[in-house]
Structures are given as C-alpha cells and as structure tokens.
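Student: The structure's right below; bear with me while I get my questions together.
The values are calculated or read from the model by the stated rules, or taken from the named source; none is laboratory data. All figures in this text were calculated on a predicted structure; none of them were measured in a lab. Cβ placement follows ideal geometry from the backbone for every residue including glycine, while neighbour counts extend to all protein chains displayed. These area figures cover heavy atoms from the full protein model, side chains too; ligands, DNA and RNA do not enter into them. Shrake-Rupley method; radii C 1.70, N 1.55, O 1.52, S 1.80 Å.
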Amino acid sequence: MRLFVSEGSPGSLPVLAAAARARGRAELLISTVGPEECVVPFLTRPKVPVLQLDSGNYLFSASAICRYFFLLCGWEQDDLTNQWLEWEATELQPVLSAALYCLVVQGKKGEDVLGPLRRVLTHIDHSLSRQNCPFLAGDTESLADIVLWGALYPLLQDPAYLPEELGALQSWFQTLSTQEPCQRAAETVLKQQGVLALRPYLQKQPQPQPLPPEGRAVSNEPEEEELATLSEEDIIAAVAAWEKGLENLPPLQPQQHPVLPVPGERNVLITSALPYVNNVPHLGNIIGCVLSADVFARYSRLRQWNTLYLCGTDEYGTATETKAMEEGLTPQEICDKYHAIHVDIYRWFNISFDTFGRTTTPLQTKITQDIFQRLLTRGFVLQDTVEQLRCEQCARFLADRFVEGVCPFCGYEEARGDQCDKCGKLINAIELKLEKRLEDWLGKTMPGSDWTPNARFIIRSWLRDGLKPRCITRDLKWGTPVPLEGFEDKVFYVWFDATIGYLSITANYTDQWERWWKNPEQVDLYQFMAKDNVPFHGLVFPCSALGAEDNYTLVKNLIATEYLNYEDGKFSKSRGIGVFGDMAQDTGIPADIWRFYLLYIRPEGQDSAFSWTDLLIKNNSELLNNLGNFINRAGMFVSKFFGGCVPEMVLTHDDRRLVAHVSWELQRYHQLLEKVRIRDALRSILTISRHGNQYIQVNEPWKRIKGDEMDRQRAGTVTGMAVNIAALLSVMLQPYMPTVSSTIQTQLQLPEAACRILATSFICTLPAGHRIGTVSPLFQKLENDQIENLRQRFGGGQAKGSPKPAVVEAVTTAGSQDIQVLVDEVTKQGNIVRELKAQKADKNQVAAEVAKLLDLKKQLALAEGKPIETPKGKKKK
C-alpha cells in the first residue's frame, strides 16, 4: 500500500494519525507530494490524501482511508461511530471548511470565524457530557474520534477558537492532541506553522458557500443554559423519585476514625501537593492544590465513599536551611513556625483534611530509606557525580531554587536552577531508569482515567524525550539521611523523598497506613497539584514505587491546574507578589466568598487571573442577586405566608417538568464532579438557582397568596417547590461553600440525612408540615470603595517599586463612584437580559438589550483601564 499526503492538506491529519495504528499490520509506504501533484490518474483535479491499495484501487476520502486503517487493526464497526461520521460529513465539514477559508485565506478573525462554529462545537461538547465518556463512542478511542479530531485540529489548536465553557470538548481534544500519533501527524502536516500552513492548499480550493449568520447578538458572557429536552418517561421517573422523598436516600453510614478502606466499597484516597513549609501560600497555591482537592473530598463524603484526604508541609531541603539562616532560627524552629502558619490558613479557608502532617518525622525517614534500599538492591540506583554551584564564602552548595539564569530549553531569562517556571522542564535533572515499567503502567492507567489533559501532555512529552537518570542526593544536613556507607554527609534530594511524605503522613495518622498505600486493587488515588508538580507525581514517585516492587498504590487520577495569575502580574512566593493566605483573612471578605470566586475562575483548561473588579461583580451578581436572592425569597415566603411551615404541594405539569429539569441538572453536576470538572459543576448550582428565580418570577406567589382558594393553593405549591430547591442547593453547595451550606441547612432545619448525603435525583426533603427556622440574608454586597482600597493595598499584582501603567494611574484618579455606577448598571442590564431570555422574548428585543449590555461592559472596561476588543480583534486602551 502507498499513502500519499501533502503538507498543508487538512485531510492528511486524521489519515496519518490512523495510519500509525496500522503499522506492523501491513506494508505501508508514505509519500509526501505537492498540492498540485495528481496521483490518481482518473481524477481531473489533484487530490490528497490518497491511499493506493495493493489491488491497484484508490481510496481518496480521508474518512474512508481512516476506516480502512482501523479495519486492518481489527476494529468492529458500530452504529454510533457511523452516525458520527455521517454527522462529520454533512454538518461539521461545511461549517468548518467555511471557517478555515474565512480565517486562513480571507484573514478574518474572532467571532467571524468562531460564530458559525459554536453550534457544532456545542453539539460535540453536549454529547460527550451526556454520555459521560472520554470519547465519542464510549470509553475507548474510535474511528470517529480520529476523524473529528483531524478535522478540528487546525482550528482548535489555537485556544482562541476552543471556547472555555465547552469543558468536555476541551478535555476530549487535548486528550487526543497529546497522543503521539496525533502529535506526529500535526508536526508533519502543519510544520509548526499552525493553521497558516493550510494557506497554499486552501487558496487552490473553490471558495466554500458562505454560512448564514446565527441570528443572535454576540456576547462575551457564558451563554445561558437552555433547558434540556426531556421525554415524558424522564419526567415520570423524576417525579417518582421526588415523591419518595427521604426514603430515596441510602442508609447513613457511621463516621469512622481512623478512616480506612472497606473491601467491596469505593475507597478514595486524596492528596494535595505538599506546600513548601518556608513560605506563606498565595491564592494560586490554594486553588491549585488544597482547595480543589477539598471540593472533591467533600463531594466524595457526600457520596458516602470511604474518603481519606491528607496533606502536610514539605519541610526538608536547602530552602529551609536558608530561610532559617535569614530569620536566625534553626531549621526545626523555622519548620515549626511556618507549619503553624499553614495550619491556620487552611483552617480559615475551611479545608477539611482528615490529617495535615509534615515530612520531618521518624516515619518519613523509615519509609524513605526502605524504598531506597529496595531500589538499590534491585539495581535501580547508581553512583555518579553531578555538577552544582557552590558558594566558597559560606562553604556550601547553593539551593537549586536560588540559582537563576537563562533556560536552556525555552530561553526564559528568569529560570530557576531546578525547573523553568515557563516551560516546566527540569534543569540538570536526572530520572530513575525504569522507563519500560513506567510506560506499561501508564498504558494501563491513563485510558478511562481522569488525568487532566495537561498532565497527560507533560508526561507524554517527558517520555517522548526519553527518561534519564535523576540525582537523588544532596550535600546537606537538613534532610532524610542516606543509609549508605560513604554518604554520611548527604541527605536525599527533597524531590525524591517529598512525595513519599504522603505515605509517612498517613502512617502518622494510622498504623494501618499500608491498607491505603499498598492496596492498589481497592484504592482509587486522586492527586491534586499545579502543572509544575506533574513530573514528580506522574514520573518520579511512580518510578520509585514500581522499582521498589512492594505493591504500592499509584495515582489513578492526576488532577493538575494551569496557573492563576494576579490582576496583570504573577504570584511569586520569593518576590512577594499577590494576595497570600494570611492576608485574605484580613480583608473582611468571608472565607466562603474567597472559596467561591477562586473555584469560579479555577484555571482548568488554561491560565486564569484573579481580578478585584471581577470578584465584586461575581459576588454581587451570582451570589447576592442570583443564589442568595432565590434562597432567601424561598425561605421568607414560607415564614411570611405560611407561618414557617412548608405548605401542601399539588404539582401541575409545569411543576413536574421543573422537577425533571432540576433532576437533570443535578445528574450533570454528579457527572462533572465524578470527572473532577470542579468549575463546570459549580455552574450547575448557579443554573438551578436561576431556574428557581425564574419559577418564582413567573408564578408570583406574593400575588397569588392574596387571591382565591386556587391561587392560594398555587402559591403554596410554588413556595414548597422553591424551598425544596433551596434545600437541594444547600447540599450541592457544601463542597464549595461549606459555611454558607451549613447556614442554609440551619435556616431550613434540614434533616441530618439530607445534609450528609447528596441524592442522585431531586427529592422532596422538606415535606408539607415541616417547620423551618429563622431566615436571614446569606450574602453582603461588596462596595466599589471597599474593593478599590483592597486593590491599592495589595498593589494590583505589581512588584514593589514597579511603575504602574499610565492608564491605571488615570483610572485611580477617575473616582470610584463612577466605576460603581457602571458596575451596578452592568449587573442590572445583565438581569434584564436573563429575564427576557427566560421569557423567550422577541429576538430583536433581546438583541437590543444585549447590545446595551455589551456597551456598558466596554464603558466599564475603559473606566478600569482594561483592554477591549475592537471589531478587527486588535487591542486598544
């Protein structure tokens, strides 16, 4: 067989990726031809890709060629894959071809390209979300995945055209893009030029038929969730679950201490990356590790899974010695001081560790030395010499993190001695030689797991470059001693033994620690971190554990965030830029508000930024006007109109449909959190709250209570439904805002079982006659003056002494009252747009109000000195 492909030909992408599967199954010669070279003799125009079969026949459809390669590998056809291929040809390709031509040939950008594509991209995203599978046709990669990935890759490899709100699509696309066959295909076809590599090919193609406009105004806000399409069977099932009430909940399991795995049950072990003891954690550290893990741990407990959540301070190493010298303390004293600071910060943020330990313990020494001895015995450790920088004045080697220079990989000028903060590569670093075992383990673990796409990409990149020996000792006093003759003056390098800290912290929590850490068959290990920690958790520790051959539990789901920036700068422990954990306590803003906002902007698919103005807007719109307003009104109606007792509910067809919609959104929340899509699951809470607000607005119980018997009965039904939705929201909120959740449950006097278990369907937990407690507002408005003071106090993310941009200086003198007026106007106009959409108002009227909203947002952006997008996509200030 001979495969003809061409650089810059979009159809060559999926074909090359599929061809990699057929290697070894048949003799295949791949030839790269020019775009004008005609390889099929009976075609009048050049055509690539083309597969010439041994029989002399030709296949010249990318989809048909890919199908042929999959069939060679023993793939069995199925209806769902065929449906996707038909959809790709009839629905996706016409839109995509026009979009690529518009971008590459005509030079248009932004919404001109993305607008017509939103419908098809949303269709893929919703399909992935609904079936709760990582791939289009199930749990394993199929022909449909390769064909659609190849079609979409030239456009979606630019993050600007992969909408952030389409989380399932992002995960699917990044998972495939990190696979080696797909990476090689992209390199061959696009030659590191991105979508512009397609220009010579597309210029020779007929111009695609222009696509009609979508017929709706463009907005930068996330689109309102449309109500799901529900069948009558869906509604009947949802109402049946609702009517069972608390009977639908499983028995409440007693809480045990210590928490231990139970055979035959779901056992979840959760770790968050151990923070360096010698610094105060900033907001980026908190969302990247402990807060994200806390949400998942709280959710796991609501599912009654046996859940152990642990963390602790990483205390050994040169950095600790140096910090102790700076402060005139011993290393142990510095560890004791900062360990207490960490404990206080995480307690204030309401992080629900089962145990928060430290690495400076005898059990850390014992377990680390045991793993080392087992590696040494099995020939996985060698003796060698490594170059290090040394300070002759103080007669000591310098800590890697205190050495700065130009990264040899990406040229970043402020790279640290052990790892570049920009590209993430380890510098002067070597790795244990266990590559084959590691690859076998990853091959079994990654498929069907919830490793985040960035974690998969980082690990695959390391493996593609080949693993090299990694130094595991340092000439220090403060560390775990190396139990080897001739190494008495050395300790283990902190990144060899720091991850072993998870084991020793568990061992200090319970002497039955091996039931968690030597039990891979029964324990699901979830590890949370920022992306710079991925190599140590996905390579270094697994290599150590695999080489030790002691049946260690290895990570099943590696959850890595991107970076959280601060306003227009970056957080930095060493440079003191940004808001740190102890400072957050002094702002007057409750911990749950910090938790909510950090989780709302959690950097899941790409870097995100903390913004004081955005914090104000999200608090005042999403919490105060949406969530808080609904829950407070629901409770107040019960208190004011029905004497504090939940009234009788007689459900109409519309009520039954609402029960089904809330149930559907709850099930989506479960699907998202089971996949650790924490930010997207938070949107489900806010969506249910919006449905509740719209339900109250449409039915107007405050008017109906004054009417005849039928109206009063309707007011009772609406009030009872609303307060039950509020009860459900209180439980869904528990992983995100535990204090607010507890406050709502106290106000509603929610039964204990309903507080501690989250049902999989919406159920009636507050039946008629249930008496609620005293209802009071949950949230307070953040004022612009308050936020401006905090912005100035924390410096807007600029390093000390850095000049502020002139536009920012102009804004700070412009007066905060003007900005507050604009913020209030944006919030009010946003509510108007939502109400019109909920009422399915005339499209022209909605478009006009959306235009007003966008204009107000531009005014606000200008007032704050932020860049705004011009119609041509260029930035101006």
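Student: Grab the beta carbon distance between GLN157 and CYS645, set R0 = 56 Å, and tell me the FRET efficiency rounded to 0.05.
Tutor: 0.45
Student: Can you pull the one-decimal nm distance between simple spin-label points at THR739 and THR140, each 7 Å off the Cα toward Cβ?
Tutor: Here the modelled spin labels are 5.0 nm apart.
Student: If you don't mind, another one. What's the extension gain from TRP702 to ALA768 if we count 0.36 nm per residue and subtract their Cα-Cα distance?
Tutor: 21.9 nm
Student: Give the ranking of MET1, MET529, MET636, MET325 by solvent-accessible surface, highest area first, calculated with a 1.4 Å probe.
Tutor: My answer, sorted largest first, is MET325, MET636, MET1, MET529.
Student: Using R₀ = 56 Å, calculate the FRET efficiency as 1/(1 + (r/R₀)^6) where r is the Cβ-Cβ separation of GLU549 and GLN713; round to 0.05.
Tutor: Calculated transfer efficiency: 0.20.
Student: Starting from 0.36 nm per residue, how many nanometres of slack lie between ARG184 and MET325 once their C-alpha separation is accounted for?
Tutor: 45.8 nm
Student: Grab the beta carbon distance between THR652 and THR355, set R0 = 51 Å, and tell me the FRET efficiency rounded to 0.05.
Tutor: 0.50
Student: Say a paramagnetic label sat at a point 7 Å from the Cα of GLU752, along Cα to Cβ; which residues of segment 229-259 have their backbone N under 14 Å from it?
Tutor: 251-256, by backbone N distance to the label point.
Student: With labels modelled as points extended 7 Å from the Cα through the Cβ direction, what inter-label distance (nm, one decimal) is found for ILE832 paired with ARG347?
Tutor: Simple spin-label model gives 5.0 nm for this pair.
Student: Hey, another quick one. Using 0.36 nm per residue, how much length does the chain from GLU265 to LEU80 gain when fully extended, once their Cα-Cα distance is taken away?
Tutor: Residue separation times 0.36 nm, minus the Cα-Cα distance, leaves 63.3 nm.
Student: Using a 1.4 angstrom probe with every protein chain in place, what is the largest-first accessible-area order of CYS73, CYS543?
Tutor: Highest to lowest solvent-accessible surface, that is CYS73, CYS543.
Student: Please compare each pair in LYS191/LYS433; LYS337/LYS531; LYS570/LYS618; LYS337/LYS556; LYS444/LYS518 to a cut-off of 26 Å on the Cα-Cα distance and tell me which ones are over it.
Tutor: The pairs that break the limit, which is 26 Å between Cα atoms, are LYS191/LYS433; LYS337/LYS531; LYS337/LYS556.
Student: Another one. Give me the three principal axis extents of segment 555-656 from the C-alpha atoms, as integers in angstrom, largest value leading.
Tutor: On the principal axes, segment 555-656 reaches 60, 38, 24 Å in Cα extent.
Student: Follow-up. Using only the Cα atoms of segment 466-619, what do you get for the radius of gyration and for Dmax, in Å?
Tutor: Values for segment 466-619 (Cα only, Rg and Dmax): 19.8, 62 Å.
Student: Can I ask one more? Hey, rough spin-label estimate for HIS126 and GLU111, points 7 angstrom out along Cα→Cβ, what's it come to in nanometres?
Tutor: 2.1 nm
Student: Is any residue of segment 532-553 close enough, with backbone N under 17 Å, to a label point placed 7 angstrom from the Cα of GLU521 along the Cα-Cβ axis, and if so, which?
Tutor: Counting only backbone N, you get 550-553.
Student: Another question, if that's okay. Within segment 745-775, name every residue whose backbone N is under 19 Å away from a label modeled 7 Å from Cα of GLN253 along the Cβ vector.
Tutor: 752-761
Student: So how do ILE341, ILE146 rank on accessible area, 1.4 Å probe, biggest first, that is with the largest at the start?
Tutor: Output order, biggest surface exposure first: ILE341, ILE146.
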